[in-house]
Amino acid sequence: MSNDLEQTIEKLGHSFEEFKKAQDDRLQALEKNQSTAELDEKLQRIESEMNELSSVKERLESVELNQNRIAAGGGQGDISPEAKEHMDAFLKWARNPKDHKAASELQQKAVSVGTATAGGHALPEVISREIENKLIDLSPMRQVATVENVGTTDYKKLVNVRGASYGWVGETDARSETDTSTLQEVAPTFGTLYAFPQTTEEALNDLFFDVQSWIRSEASVAMSKGEGKAYIVGDGSKKPTGFLNGTPENIGDEETSPSRTFGQLEYIATGDSSGFPSMQDSPPGYPGDVLLDTVYSLKAGYRGNARFLCNKATLNTVRKFKDTEGNYMWAPGLQVGEPNRLLGYPTVEMEDMPDVGSGNFPIAFGDFRAGYLICNLVGMRVTVDDNITTPGYVKFYIRKRVGGKLMNDDAIKVIKCEA
């Protein structure tokens, strides 16, 4: 473990202790009807510090993980000679996209590695793989959902909505038929996700300008923003269908009459139409109860890989919640690779999750690997946009086809701000 990572974890632990003391002082002041303005300001400062320290910890852990991958032979040295030639031809063309000879050589190298040439130039395997790996680092949903590479946008997945059937027999007993499985077809919706990184002709002509790293960084950052929102609230029109795109119902998994509509999530109400109950109300409310209810509304088989998803503002709210014994429900990860946890489950910060507010679904909980499917259509392409690029600048149009859809509506639960 690096000294920077060790120091960051130590600071995070100190900040959390400072946070708990300030919040306890604030609760005591509220009980005594005293002003909390100074403590509110202090808590806001500490929470910002904890958020920043958590982000720094994740970045440092990612750097160490990448270094370990390279040390273990996971670098670029294992690519084939043909793929290396393809990449070299691509970088030569990228530095001067108007060079027709370089473009022709790039197309020939793409064909030699079995890549179709229609619709622009194929990104070399190495660069495409780097962007995909970076998307995993930047896109929380890619880290927690099921991701499959597919060859067509007509891809469909069959899911058994009634679960596996079984029976018990003796050694010589006849085997009776079990209940027939009920299969439903999940068809991810696809769209073309693109990025338009732009740089100057002078930069491209500079031998010290790292074109490969620039393309990887610019494309992955832009694409991760588009993906993140689509996997949560995407409407399925030329894009993935988000798991919140629908009408969650307040009906459990085992209900038979009425049954929950296939493809709709179950929601658990907070008990307050505008947010969470308050312990300062009369009678007092217990804001953390809905978190416990949500955890135990999920079938036990999904809890082992379950986690909470919410944005930073919601996280700052639930971080203050205590259980009935006065223990804080949230705790920072104070070991290398250990995530922050809520009720013992990992928390994933996703800024595209809705805020706390009337009728909103600010928190999701579940096994997203079992619940949500992301599909990559194999291949990533690039062309130069000469029509829009201003004189002296070069704009690269990089795109890929990606799809997504809720796969198992039992595996994910959402919390709704509702009385």
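Over region 275-385, what portion of Cα pair distances is larger than 21 Å, expressed as a whole percent?
Values: 2775 of 6105 pairs.
Roughly 45 percent, rounded to a whole number.
Taking each DSSP H run with n ≥ 4 as -39500 (n - 2.57) and averaging over every residue of the chain yields -12500 deg cm²/dmol at 222 nm. To the nearest 0.05, what FRET efficiency results for residue 157 and residue 63 with a Förster distance of 30 Å applied to their C-beta separation? The computed FRET efficiency comes out at 0.25.
Work through the residues other than residue 120 whose Cβ is under 9 Å from its Cβ and net out their charges, Lys, Arg +1 and Asp, Glu -1.
Details: positive: 381, 399; negative: none.
Net charge in that neighbourhood comes out at +2.
Could you please report the charge total around residue 297, scoring K, R as +1 and D, E as -1 over all other residues with beta-carbon less than 11 angstrom from its beta-carbon? Cβ neighbours under 11 Å give a net charge of -2. Ranked by the mean number of other Cβ atoms within 10 Å of their residues, highest first, the peptides 189-197, 39-47 fall in the order 189-197, 39-47.
Mind checking the full-extension length gain between residue 88 and residue 149? Use 0.36 nm per residue of separation minus the Cα-Cα distance, one decimal, nm. Don't jump to the answer; show the numbers that get you there.
Working: separation 61, 0.36 × 61 = 21.96 nm, distance 2.57 nm.
Length difference between fully extended and current span is 19.4 nm.
Taking other residues whose beta carbon is less than 11 angstrom from the beta carbon of residue 416, and scoring Lys, Arg as +1 and Asp, Glu as -1, yields -3.
Sort 352-363, 147-158 by packing, meaning the average of other beta carbons within 10 Å per residue, with the highest value first. Spell out each step's value before the answer.
Details: 352-363: 19.1, 147-158: 13.0.
Output ranking for 352-363, 147-158: 352-363, 147-158.
Counting only the Cα atoms, the chain fills a convex hull of 223 Å³ per residue.
Please arrange 169, 394 by accessible surface area, largest first, computed with a 1.4 Å probe and ligands excluded. Present the calculation step by step, with values, prior to reporting the outcome.
Values: 169 75, 394 10 Å².
Of 169, 394, the descending order of accessible area is 169, 394.
Note on the chain: with charges restricted to the Cβ of Lys and Arg (+1) and Asp and Glu (-1), its dipole about the Cα centre is near 1040 debye. Within the full protein context, the accessible area of residue 10 is estimated at about 110 Å² for a probe radius of 1.4 Å. Under a Gaussian network description of the chain, with springs only between Cα atoms under 10 Å, the residue in 272, 173, 409 that fluctuates furthest is 173. The accessible surface of the chain, taken with every protein chain in place and a 1.4 Å probe, is 47 percent carbon and sulfur.
The values are calculated or read from the model by the stated rules, or taken from the named source; none is laboratory data. All values derive from a computational prediction rather than experimental measurement. When we count neighbours, we look across all protein chains shown, and the Cβ atoms used for this are built from the backbone with ideal geometry, even at glycine. Side chains are part of the model used for accessible areas, which takes the heavy atoms of the whole protein and leaves out ligands, DNA and RNA. Shrake-Rupley method; radii C 1.70, N 1.55, O 1.52, S 1.80 Å.
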